[in-house]
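A short worksheet on the structure shown next.
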Amino acid sequence: MKNRLLFFLIDGISDVAIPELDFKTPLQVARTPWMDKLAECGWNGLLDPVEPGLACGSDVAHMSILGYNPKKYYRGRGAFESMGAGLEMKPGDIAFKSNFAYLEKETGIVKLRKADSHFGNLGPVFCEAVNNIKLPSFPEHEIVVQYAIEHRCGVRVRGPRITDTITGTDPLKDNKPLIYCEPTVDNEDSRMTSKLVNELSDAFINILSEHPLNKDRIKQGKNPANSGIGMTLGMDLLKVPGATGDYSSDFNAKAQACIKNITSNEYDFGFCHLKAVDEAGHDKDVNKKIYYLERIDEMIGLVLQELNQRLDESYTVVVTGDHTTPALYGDHSCEPVPFCLPKEA
């Protein structure tokens with residue numbers, strides 16, 4: 001009998017003791033009967049996704065959890081985000097994870113690192129506005145911009161002599177100056193690449209600031225999205241209608257996709273990434289974090305009930321997280337995450 005593995009990774013699952021919850025975490029308070037059932041028949045514990053004391057990003061954590069040492073293989077988040085958005089990467093390309101952000105042009109201050117989370121209608125339009133732009137100083141280089149989800153997009157640069165030995169442009173906090181790219185090693189290719197990135201950043205700001213939709217947003221009292229900042233593993237990326245990676249994601253559709261594919265003859269391993277809990281942590285919304293933990297538990301329950309009816313195959317279901325996103329802080333922190341491994345498939 002063939003054993004198949006289905007891996008649920010709940011982004012930002014962990015938290016800290018919250019006073020308004022009688023010093024419990026959202027996961028302790030949430031009603032999660034299906035995850036409780038898994039815990040009753042499994043090994044449970046806490047793990048540091050990468051190493052103790054490291055407040056890591058999802059990309060680093062996922063790489064480590066899937067068995068790849070980030071210290072050896074990690075080359076930045078840009079390539080992951082760009083491939084996730086559908087961009088092909090080749091040796092020699094560089095890529096950036098970019099946010100549509102609100103930049104105050106007069107001061108150079110990034111007022112908001114994400115102009116708006118609900119960006120499904122505007123994101124593709126703004127990406128089209130800056131896709132395939134030509135930089136006057138770098139006519140041989142190709143710039144491709146692809147919308148991903150929410151306020152995010154992938155940016156790929158292809159051309160001669162580009163290198164990843166440069167700094168990013170993301171200030172990492174709101175109300176901080178936009179950082180200009182600099183070389184991290186002293187050679188001509190690094191200096192050239194940093195100059196290219198700065199020219200690209202300026203071009204994005206100028207184009208997006210003049211976009212009619214941004215001017216409409218200003219008239220409506222909304223923040224313009226006028227800056228792109230912060231500019232695999234061989235798995236198949238399955239497209240699931242309604243899976244948006246935010247609060248509006250269709251968890252039932254994800255459940256059905258898990259069932260359909262893990263029970264097919266094509267796959268014996270499935271990795272399901274669930275994002276909404278992390279969004280609630282970043283938004284400092286304790287109640288919303290509890291709500292989405294409960295919604296995800298219902299989704300896992302749908303999958304478990306279906307798999308339990310299939311006696312001709314053996315299935316192992318694993319549940320864990322990638323990092324802590326405390327609703328008190330609104331950002332990643334270094335606490336370990338829970339895991340549940342069943343004793344028997």
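Taken together, the values in this text are just the output of simple stated rules run on the coordinates, not laboratory data. Treat the numbers as computed from the prediction; the structure is a model and nothing was measured. All Cβ positions, even for glycine, are placed from backbone atoms using ideal geometry, and neighbour counts span all protein chains on display.
Within the set of other residues whose C-beta is less than 13 Å from the C-beta of residue 30, count the net charge using Lys and Arg as +1 and Asp and Glu as -1. Display every interim value, and only then the final one.
Numbers: positive: 24, 31, 288, 289, 295; negative: 15, 36, 294, 297, 298.
Value of the local net charge: 0.
Which shape class applies to the range 287-345: rounded if a/c is under 1.5, otherwise prolate when a/b exceeds b/c and oblate if not, where a ≥ b ≥ c are the square roots of the Cα gyration tensor eigenvalues? All intermediate terms of the calculation are to be shown ahead of the outcome.
On the way: a/c = 4.95, a/b = 1.93, b/c = 2.56.
Note, shape of the range 287-345 comes out oblate.
At 10 °C and 1.306 mPa s, grab the translational diffusion coefficient of the range 78-229 from Stokes-Einstein with a Kirkwood Rh over Cα pairs, rounded to a whole number in µm² per second.
In µm²/s, the coefficient is 103.
Excluding residue 270 itself, calculate the net charge of residues whose Cβ lies under 15 Å from the Cβ of residue 270, where each Lys or Arg counts +1 and each Asp or Glu counts -1. Don't skip to the answer; put the middle values down first.
Numbers: positive: 2, 4, 239, 254, 260, 310; negative: 236, 266, 268, 306, 313.
Net local charge, residue 270 excluded: +1.
Peptides 153-164, 258-269: what's the order by average Cβ count within 10 Å, highest mean first? The partial results should precede the final answer.
Details: 153-164: 19.6, 258-269: 15.2.
Per-residue mean Cβ counts within 10 Å order the peptides as 153-164, 258-269.
Take the alpha carbon atoms of the range 124-196, find their radius of gyration, then divide it by 2.2 N^0.38 Å using N residues; give the quotient. Please list the in-between numbers first.
Details: Rg = 13.6 Å, N = 73, 2.2 N^0.38 = 11.2 Å.
That works out to 1.22 for the range 124-196.
Mind listing P(r) for the chain? All alpha-carbon pairs, 10 Å bins, whole percents.
Over the chain, the share of Cα pairs per 10 Å bin runs 5, 23, 31, 24, 13, 4, 0 percent.
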